[in-house]
1. Looking at the structure I just gave you, is Phe324 open to solvent by 60 Å² or more (accessible area, probe 1.4 Å) and closer than 22 Å to Leu92 by Cβ?
2. What are the residue pairs meeting all of these: first residue in the stretch 76-93, first residue modelled with pLDDT under 95, second residue among the charged types (D, E, K, R) and surrounded by fewer than 14 Cβ atoms within 10 Å (Cβ to Cβ), Cβ atoms under 8 Å, and 6 or more apart or on different chains?
3. For the stretch 307-321, indicate whether the set of residues that are buried (at least 17 other Cβ atoms within 10 Å of the Cβ) and either in contact with a His (Cβ under 9 Å, 6 or more places away or on another chain) or charged (D, E, K, R) (or both) is non-empty.
4. Is it true that Thr170 is at pLDDT 95 or above, within 18 Å of the chain's Cα centre (by Cα) and more than 27 Å from Val291 (Cβ to Cβ)?
5. Which ones in the stretch 250-291 are in contact with a Gly (Cβ under 8 Å, 6 or more places away or on another chain), among the β-branched types (Val, Ile, Thr) and free of Cβ contacts under 8 Å to residues at least 24 places away in the same chain?
6. Are any residues in the stretch 163-176 open to solvent by 50 Å² or more (accessible area, probe 1.4 Å) and not in a strand (DSSP E or B), and if so, which ones?
7. Does Gly224 satisfy the criteria of being in contact with a helix residue (DSSP H, G or I) (Cβ under 9 Å, 6 or more places away or on another chain), closer than 19 Å to Lys57 by Cα and open to solvent by less than 60 Å² (accessible area, probe 1.4 Å)?
8. Please verify whether Thr230 is out of contact with any helix residue (DSSP H, G or I) (no Cβ under 8 Å at 6 or more places or on another chain), closer than 15 Å to His55 by Cβ and in contact (Cβ under 8 Å) with a residue 40 or more places away in the chain, treating the condition exactly as stated.
Amino acid sequence: MGNVLAAGGPGLAGVTVPPGFAVPPVAGPEQQRAALAGTAAQGGLPNPGTFEECHRKCKELFPVQMEGVKLIVNKGLSNHFQVNHTVSLSTLAESSYHFGATYVGTKQLSPTEAFPVLVGDMDNTGSLNAQLIHQLTNRVRSKMVLQTQQSKFINWQVDSEYRGDDYTATLTLGNPDVLLGSGIVVAHFMQSITSSIALGGELVFHRRPGEEGAVMSVAGRYTGSNWIGTLTLSKAGAHATYYHRASEQLQVGVELEASLRMQDTSVTLGYQLDLPKANLLFKGSVDSNWVVGASLEKKLLPLPLTLAMGAFLNHRKNKFQCGFGLTIG
């Protein structure tokens, strides 16, 4: 909800990345957990992370839907700059070509963090998705997102995030128009109550000529030794996730979404199997609508190749969808 401009694909913590785009790591979950553990060891409460990250650990276990054939070529031009080319061939949607570029600055905060980060992606129709992320101070991080569609501006947003010792506050401004008096403002706040419990809230205010409104959500998260339970409640419904690390290789998660507006409830079970010795990553899921999905990612070492395959089967609608991808570099 807080990310006004939603886009698919993997990315940095709190950063949306264009589909098929590879970005140098900034700060992964392992580094974040180590930093939180260090804070707790000093006698204080850990930083709870952002509101948007509440359900991320569980959501990352689910396979991403693939369709058609995708070829991604990554090329590092220097230690700070890389480009990629993505060709997607599909029978359901239009085939496309994307050119992407990533720049990572020289402000080194840690072995895995450097700023500023600039990410750009343009497709064959001229549509652009660009982002700028910068760590202004040790506690303040800012992001700007810009999207165009065939040379026309459609979305832009600016947000600023402040990380205290035991809390995180974020303010996002999306599509502001002073002349029309329209725009979207999103405020997030997460607070650690104990070393295991974190509570937070989200307030979304939108306004356009003749219409305005606000939506509020509250969230709670409990972090155990090897599991995380999260619950988000709002006027629209409820969203709950449970993440469990069964072993170093196996992680499982359950997600429940209940919508009061649509009068619909769905449950999804997912798991991720990681076999580092085989350079293999497998994800699978099944939901209450009898949609079964799976994805397989295999690194073909010593070649700089990564093979990805995915398939989804909807038993109720009798629809099958599969995809194949190859990443070079």
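1. Yes, satisfied.
2. Between residues of the stretch 76-93 that are modelled with pLDDT under 95 and residues that are among the charged types (D, E, K, R) and surrounded by fewer than 14 Cβ atoms within 10 Å (Cβ to Cβ), there is no close pair.
3. no
4. It is true that Thr170 is at pLDDT 95 or above, within 18 Å of the chain's Cα centre (by Cα) and more than 27 Å from Val291 (Cβ to Cβ).
5. Hit for the stretch 250-291 is Val286, nothing else.
6. Once the filter is applied, which keeps residues that are open to solvent by 50 Å² or more (accessible area, probe 1.4 Å) and not in a strand (DSSP E or B), the stretch 163-176 yields only Asp165.
7. Numbers: in contact with a helix residue (DSSP H, G or I) (Cβ under 9 Å, 6 or more places away or on another chain): no; closer than 19 Å to Lys57 by Cα: yes; open to solvent by less than 60 Å² (accessible area, probe 1.4 Å): yes.
Here the answer is no, as Gly224 does not meet what is asked.
8. no
The values are calculated or read from the model by the stated rules, or taken from the named source; none is laboratory data. Every value quoted in this text rests on a predicted model; they were computed, and no experiment measured them. Here the Cβ is made from the backbone with ideal geometry for all residues, glycine too, and neighbour counts use every protein chain on show. Note: accessible area is taken over every heavy atom of the protein model, side chains too, but ligands, DNA and RNA are not part of it. Shrake-Rupley method; radii C 1.70, N 1.55, O 1.52, S 1.80 Å.
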